[in-house]
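Nothing in this text is a laboratory measurement; each read-out follows from the coordinates by a stated rule. Treat the numbers as computed from the prediction; the structure is a model and nothing was measured. Heads up, the Cβs are rebuilt from the backbone with ideal geometry, glycines too, and the neighbour counts pull from every protein chain shown.
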Amino acid sequence: MKMTTPRWTDKPYLRWLALFVTSGTLLCCALPILLVSLGFGAAVASLNYNIPGLVFLAEHKIWTLSLSALLLLILAWVIWRPNQSCPADPQLAALCERSRRWNKRVFWVSVVIWCIGFFASVLLLPLRNLIGF
């Protein structure tokens, strides 16, 4: 029986890395705007004081959003790449299908988080100025 080494596309940590990075866009951009809009500016100041990495992410939001979008594109390719197959063994095939479903769920949650962060950090202020609020 020939043992094959797993490729980088078969690594399960890729989907969690994408979720973590897109959550960074939510933390740096969307969450502070939401909290300030709701009147919790002191909570945002406390978060920025206690987690100084958030300030770095907010100052470099274009890089943060670009990196997370690139990771999402790579993750999409990994999930929907051609020539994927599950094992013939029924138990392994069921496990493979369940893993694919979870990959897709994590991917779509990551996309929603990224879209919220992008809207809040890039589109919200120009839209607000356009409307005149």
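What to note about this one:
- Computed label-point distance, nm, for sites A45 and H60 using a 7 Å Cα→Cβ extension: 2.7 nm
- Using θ = phi - 60° in the Karplus curve 6.51 cos²θ - 1.76 cosθ + 1.60, the 3J(HN,Hα) couplings for the range 79-89 round to 6, 10, 5, x, 6, 8, 8, 9, x, 6, 5 Hz; x is entered for Gly and Pro.
- Linear extension gain, W80 paired with C96, 0.36 nm per residue minus alpha-carbon span: 4.4 nm
- Converting phi to 3J(HN,Hα) with the Karplus coefficients 6.51, -1.76 and 1.60 and the offset θ = phi - 60°, the range 64-73 yields 4, 5, 5, 5, 5, 5, 4, 5, 5, 5 Hz in sequence order, with x at every glycine or proline.
- Whole-Å distance, taken between Cα centres, linking the range 38-68 and the range 71-133: 23 Å
- Whole-Hz couplings from phi, Karplus 6.51/-1.76/1.60, listed for the range 49-58; x for Gly and Pro: 6, 7, 10, x, x, 5, 5, 4, 4, 5
- Cα-centre dipole for the range 82-133 with unit charges at Cβ (Lys and Arg positive, Asp and Glu negative), debye to 20: 120 debye
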